[in-house]
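Single-structure report; data block below.
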Amino acid sequence: MPSRSRPDGQGGGRSSRGGVAGAGAVASAIPLNPSTKALSYLGGYPPALLQQVQGLIDAGTLGEVLRQRYPDVHEVRTDKALYDHVMERKARFLRGADPVSKVAYDSKLQVIQHALGTHTRVSRVQGGQLKAKREIRVASLFREAPPEFLEMIVVHELAHLKEREHDKAFYSLCTHMAPHYHQWEFDCRLWLTARSLGLWA
Ligand SMILES: [Zn+2]
């Protein structure tokens with residue numbers, strides 16, 4: 001996937017909607033260094049927001065705050081279930097988009113920074129015609145994620161069927177499919193941060 005995942009400058013209202021519940025109550029006395037490993041999933045977000053996150057990390061409550069907001073676990077546990085899940089949304093929102101030949105959880109997919117999932121375009125010659133075959137792979141850790149984060153990944157990868165870059169058209173499509181897309185992406189990054197720090201049991 002393209003390396004950029006930030007909808008910077010698109011006025012999505014992320015900074016106003018992307019706050020952390022209860023974060024305002026926790027002040028961090030530790031100088032913030034956004035390049036620290038702990039915040040590597042959150043590059044590109046406003047410093048004030050990252051400071052709230054650092055406060056929750058310092059207080060050890062990041063996992064709790066997320067658990068309160070996202071208490072559920074989805075039931076999309078198998079590749080077959082994931083395929084059906086993705087195809088239902090494709091039929092609903094992206095009827096005319098390229099066919100998807102494969103959908104699967106991938107344990108080899110490393111979730112680092114912006115690489116949350118992958119979409120591949122495999123060209124094969126079929127009957128003299130070049131046809132694009134599309135595959136959607138989702139990192140295995142999302143098998144046990146709150147349903148909102150799986151939905152965010154699915155919507156992201158589906159949007160790439162029509163929009164290659166992370167541009168305005170891409171994020172418009174994401175928010176069309178999932179109105180809370182930006183909040184979910186931010187909170188998903190918080191969840192990945194919490195996991196990496198052992199704050200999500
Ligand atoms: Zn992408």
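Key figures for this structure:
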read-out	value
Rg in Å to one decimal, and Dmax rounded to a whole Å, for the stretch 127-201 via C-alpha atoms	14.9, 54
Most to least packed among 141-152, 171-182 [average Cβ atoms within 10 Å]	141-152, 171-182
Peptides ranked, highest mean first, by Cβ atoms within 10 Å: ranges 191-198, 50-57	50-57, 191-198
Paramagnetic reach from E64 (point 7 Å along Cα→Cβ, amide N under 14 Å) across the stretch 166-201	199-201
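Bear in mind these aren't lab numbers, they're just calculated from the coordinates by the rules spelled out. All figures in this text were calculated on a predicted structure; none of them were measured in a lab. Here Cβ is always computed from backbone atoms with ideal geometry, including for glycine, and neighbour counts include all displayed protein chains.
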